[in-house]
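See structure below.
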Amino acid sequence: MARVRRNKSYKMTQIYDRRSRELPFNAEVAEVEVDNPLALDSGEKIVAIRSIRRDPLGRLQAHHQIDEAQYRGGRAFQNDWERAERGPQAMDPTREYVDGARTREPVTESQRQAVLRLNRVERELGTDGAALVHDVLILGLTMDQIGERRAVRTQRWNDYFARRFRECLDRLALVYGFATETGTQRAERRR
């Protein structure tokens with residue numbers, strides 16, 4: 001049987017560019033590599049555009065100011081916060097009871113675990129570190145806004161908050177298991 005020859009202009013793999021061509025004038029985006037949802041083989045990646053406008057972690061990662069472990073630790077904190085926040089809502093005893101009002105949702109095991117992890121994070125970061133992480137990751141505040149809330153508005157304080165935030169991200173990466181502690185970090189922590 002004769003072998004069929006292929007046309008040399010035929011390519012086995014085609015690259016599809018799924019990035020948006022038209023962006024709003026005030027868009028803040030970064031290119032990221034994500035898993036291809038249409039891939040036949042696992043592990044295939046595509047380049048996508050992600051908005052970093054109201055995403056402090058995404059912005060820091062896009063500008064290469066934090067590493068992957070810090071990014072994933074911050075995302076795990078945000079995920080735990082969202083999971084724990086969805087818990088039962090407090091009832092207002094001053095309001096009149098209305099028949100058919102929604103009942104309280106029971107606390108699920110995943111919510112309970114998220115609260116336990118958040119409690120551990122607060123112990124590890126301390127009160128100030130936990131407040132800083134909450135302000136940046138949950139409220140989306142910038143270092144300038146954090147300085148204004150704390151009545152310190154100099155560039156030196158902004159640099160301190162940024163440095164302290166990166167230290168907190170390092171600790172989050174350790175708590176959530178995305179990084180390991182080196183010998184020098186253990187020695188500093190014991191002091």
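All other residues whose Cβ lies under 10 angstrom from that of Asp135 are scored, Lys and Arg at +1 and Asp and Glu at -1, for a net of +2. A simple count of charges around Trp81, restricted to other residues whose Cβ falls under 13 Å of its Cβ and scoring Lys, Arg +1 and Asp, Glu -1, yields -1. Accessible surface ranking for Val107, Val175, 1.4 angstrom probe, highest first: Val107, Val175.
In terms of packing, defined here as the mean over residues of other Cβ atoms within 10 angstrom, the peptides 114-125, 40-51, 142-153, 68-79 line up highest first as 68-79, 114-125, 142-153, 40-51.
The values are calculated or read from the model by the stated rules, or taken from the named source; none is laboratory data. All figures in this text were calculated on a predicted structure; none of them were measured in a lab. Note that each Cβ is placed from the backbone with ideal geometry, even for glycine, and that neighbours are counted across all protein chains shown. Keep in mind that these areas ignore ligands, DNA and RNA; they rest on the heavy atoms of the full protein, side chains included. Shrake-Rupley method; radii C 1.70, N 1.55, O 1.52, S 1.80 Å.
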